[in-house]
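Remarks on the structure that follows.
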Amino acid sequence: MAIRTLGKAAALTGALLLGAGTRAQTVDAKAIVMGGAANGANACSACHGDQGEGRPEAGFPRLAGLNPDYIVQQLNDLASGARANETMTPIAKALSPAERTALGAYLAGLQPPAAPVEPKPEEKVVAEGKKIALQGLWDKDLPQCVSCHGAGGVGVGVNFPKLAGQSAQYIANQLDAWKTGKRTNDPLHLMTGVASKLDDSQIAAVAAYFESLSPVAAGGAQ
Amino acid sequence: MSADRIDPKLGLAGVLFLATAFYLGTLVSSGPQPAATTPPATTHGGAAAKKLAEAAAAPAPSVAAVDARPVFVPLPMDKVPEDEFGKMARLGEAIFHDTRANAGAFVGNDLQCRNCHLDDGRHANSAPLWAAYLVYPAYRKKDHEVNTFQSRMQGCFRYSMNGKAPELGDKVLVALEAYAYAMAKGGPTGVAVAGQGYPRLAEPATLDAAHGKAVFAEKCAVCHGADGAGQNDASGQTTFPPLWGARSYNWGAGMASISNAAAFVKANMPLSQAGSLSDKDAWDVAAFIDSQERPQDPRFNGSVAETRKAFHDSKMDMYGQTVDGVTLGQNAPPSGATPKQQ
């Protein structure tokens, strides 16, 4: 026991001596998800679930399987205020850059099944959402969602997050936030323009469609 | 003048301008402008001058607003019956949407038909398939022949898709032709209808590829990548097409012409923000994109200089020109490359 404690202390001292550049290796992302961080950040799992599966009905997004760089970018934006959110801003601010990086990598690698959603949306709503997602609304110059978010909404790189299996309530909240100018951290303001072309029922439909897709189907962890 | 600054030595007034306007009016992209619908040079010059004035007054005029050509509304595919013809037309739609999956033997890069013809070939001002169908067969200067619709599409596979042309009558071409015909049914043959091709932009006095590089970084790189190589989705499929390099269109493609690329960009890019770039930004970013190396022209005869003289002798074509000390085409990856390895 004593040896183990000594070892821990030595590792901690080593990490402190090595400085910020190597701290990412010493951050226990799983511990932060389950129990929060020492400097005051709440446990991610309280809202996003033990496995990052989210709480769809409450609009708490699924984080599991998102692109790691996208997660870090959003935490950075939440911390800087580029993305405003009363709950997340103080948490993101409390996380060090190394902790954000470690959380991004950890959450990106999780693949829990989709959190259950009740009640299920009507089939015709999902069908309308599918049409918009796959065919766009070109009479309004609105391209297909999948033309940027990838086939099946699996996500593309740091800027176009995975939508497959995401909480419909969360997607709808974000589209509404872009439409009303409450969220503005979209590159080139692409989503501001896109959301402004959707009415409330189209937003609900497209959100229901992406929620209906499996988050762990072909496409892997991202 | 820096090495990547191009000066086409164009005046914007007088006879040269009128000649240029006429030249633009008769250029071929996805389809030719039949002589019957080409206005006299004087009229066209006036219209182009008006466009310039409008552009000065409003930085991003609607491209549709200045299209005076006859309007034709293409038939939606859900109105096409589910009979034998309908099946073939829908196969064509599927090929258009996912060319690699459905006609992979003829594709040598990471592009799909729909990358340059948005909304699966339906979108106006994005060289829509239905409008192209109405203006063929036609004589094209590119190969000095009367092209049928099928032989025109052979060119798409050979150049834009950097692949191999299907034989005339191949099911791939029959299906694509059926798809185009299904949408064009009832339209006026021989008439360039509103939305056909890419709306031509008045030529600028100079092209500034260095400025285009900055435009690319600001407006294009978020999707196409800082290196122009495009981006794959999380399952490895190409979402954003490569704009240069070994996996993009080759030097023989229409899009390798700066005037075509500028017209496409202005009317369609960034996706969902059509018309938002100034004409200057569209020209300059097109000049930057088309000053990058890409697969060899399949008509290459062993000499870049001779190939330029034979097929690229235009101020809007950078093949064989020297940029930053490198002659474009000299280090081109081979044409007709192999399909993507998934």
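Of all residues in the range B:286-320, which are over 18 Å from B:TYR249 (Cα atoms) and either aromatic (Phe, Trp, Tyr) or in contact (Cβ under 8 Å) with a residue 40 or more places away in the chain (or both)?
Across the range B:286-320, the qualifying residues are B:SER314, B:LYS315.
Return the residues of the range B:242-295 that are among the polar types (S, T, N, Q) and farther than 19 Å from B:ASN331 by Cβ; say none if nothing qualifies.
First, the residues of the range B:242-295 that are among the polar types (S, T, N, Q): B:248, B:250, B:257, B:259-260, B:268, B:272-273, B:276, B:278, B:291-292.
Within the range B:242-295, B:SER257, B:SER259, B:ASN260, B:ASN268, B:SER272, B:GLN273, B:SER276, B:SER278 meet the criteria.
Quick check on the range A:121-130. Is at least one of its residues within 14 Å of chain B (Cβ to nearest Cβ), under 13 Å from the mean Cα position of the chain (by Cα) and either over 28 Å from B:ALA221 (Cα atoms) or of a type in the set (Phe, Trp, Tyr) (or both)?
No, there is no match, as no residue in the range A:121-130 is within 14 Å of chain B (Cβ to nearest Cβ), under 13 Å from the mean Cα position of the chain (by Cα) and either over 28 Å from B:ALA221 (Cα atoms) or of a type in the set (Phe, Trp, Tyr) (or both).
From the list B:ALA267, B:ALA263, which residue is crowded, with 22+ Cβ neighbours inside 10 Å and within 13 Å of another protein chain (Cβ to nearest Cβ)?
Answer to the selection: B:ALA267.
So that you can scan it fast, the table gives a plain yes or no per residue for (1) assigned to a helix (DSSP H, G or I); (2) under 26 Å from B:GLY225 (Cβ atoms):
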site	(1), (2)
A:ALA164	no, yes
A:ALA172	yes, no
A:ASP176	yes, no
A:GLY193	yes, yes
A:GLN202	yes, no
A:ALA205	yes, no
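Is it the case, given these coordinates, that A:ALA207 is within 30 Å of A:ALA37 (Cβ to Cβ) and more than 14 Å from chain B (Cβ to nearest Cβ)?
no
Just to verify a result, which residue in the range A:148-185, among those that are farther than 25 Å from A:LEU110 by Cα and either facing chain B (nearest Cβ under 9 Å) or under 17 Å from the mean Cα position of the chain (by Cα) (or both), is surrounded by the fewest Cβ atoms within 10 Å (Cβ to Cβ)? Break it down into steps so the answer makes sense when it comes.
Initial filter on the range A:148-185 (farther than 25 Å from A:LEU110 by Cα): A:175-185.
If we keep only those that are either facing chain B (nearest Cβ under 9 Å) or under 17 Å from the mean Cα position of the chain (by Cα) (or both) too, we end up with A:175-178, A:183-185.
Numbers: A:LEU175: 22, A:ASP176: 16, A:ALA177: 18, A:TRP178: 22, A:ARG183: 21, A:THR184: 14, A:ASN185: 17.
Checking each candidate, the answer is A:THR184.
Do we find a residue being free of Cβ contacts under 8 Å to residues at least 24 places away in the same chain and within 14 Å of chain A (Cβ to nearest Cβ) anywhere in the range B:271-285? Let's see the steps before the verdict.
So in the range B:271-285, the residues free of Cβ contacts under 8 Å to residues at least 24 places away in the same chain come out as B:272-273.
Filter once more, so that each one left must be within 14 Å of chain A (Cβ to nearest Cβ): B:272-273.
Within the range B:271-285, one or more residues are free of Cβ contacts under 8 Å to residues at least 24 places away in the same chain and within 14 Å of chain A (Cβ to nearest Cβ).
Name the single residue, out of those in the range B:208-228 being more than 12 Å from chain A (Cβ to nearest Cβ) and assigned to a loop (DSSP other than H, G, I, E, B), that is farthest from the chain's Cα centre (by Cα).
B:ASP227
Mind listing whichever residues of the range B:178-213 are charged (D, E, K, R) and farther than 26 Å from B:ALA261 by Cβ?
Taking the range B:178-213 and keeping what is charged (D, E, K, R), we get B:185, B:200, B:203, B:208, B:213.
Passing the criteria: only B:LYS185.
Of A:ALA108, A:ALA38, A:ALA115, A:ALA94, which residue is touching a residue at least 60 places away in the same chain (Cβ under 8 Å), out of contact with any Ser or Thr (no Cβ under 7 Å at 6 or more places or on another chain) and more than 14 Å from every other protein chain (Cβ to nearest Cβ)? Spell out the reasoning first.
Working: A:ALA108 fails: more than 14 Å from every other protein chain (Cβ to nearest Cβ); A:ALA38 fails: touching a residue at least 60 places away in the same chain (Cβ under 8 Å); A:ALA94 fails: touching a residue at least 60 places away in the same chain (Cβ under 8 Å).
The conditions single out A:ALA115.
Select from the range A:28-56 the residues that are touching a helix residue (DSSP H, G or I) at 6+ places or on another chain (Cβ under 6 Å), crowded, with 17+ Cβ neighbours inside 10 Å and not aliphatic (A, V, I, L, M) and list them in ascending order.
A:CYS44, A:SER45, A:GLY52, A:GLY54
Mind counting the residues in the range A:132-147 that are more than 7 Å from every other protein chain (Cβ to nearest Cβ) and touching a residue at least 24 places away in the same chain (Cβ under 8 Å)?
Number satisfying all stated conditions: 5.
Which one of the conditions (1) without any contact (Cβ under 8 Å) to a residue 40 or more places away in the chain; (2) closer than 20 Å to B:ALA192 by Cα does B:GLN154 fail to meet, given that it meets all the rest?
With (1) without any contact (Cβ under 8 Å) to a residue 40 or more places away in the chain; (2) closer than 20 Å to B:ALA192 by Cα applied to B:GLN154, the lone miss is (2).
For the range B:234-291, which residues satisfy the criterion of being in a loop (DSSP other than H, G, I, E, B) and over 28 Å from B:THR322 (Cα atoms)?
Of everything in the range B:234-291, those that are in a loop (DSSP other than H, G, I, E, B) and over 28 Å from B:THR322 (Cα atoms) turn out to be B:ALA234, B:SER235, B:GLY236, B:GLN237, B:PRO270, B:LEU271, B:SER272, B:GLN273, B:ALA274, B:GLY275, B:SER276.
Name every residue in the range A:52-73 that is of a type in the set (Phe, Trp, Tyr) and away from chain B (no Cβ under 14 Å), in order of residue number.
Passing the criteria: only A:PHE60.
Every number in this text was worked out from the coordinates using simple rules, so none of it is lab data. For clarity, every value in this text was computed on a predicted model and none was experimentally measured. Counting neighbours? That spans all protein chains shown, and the Cβs are built from the backbone with ideal geometry, glycine included.
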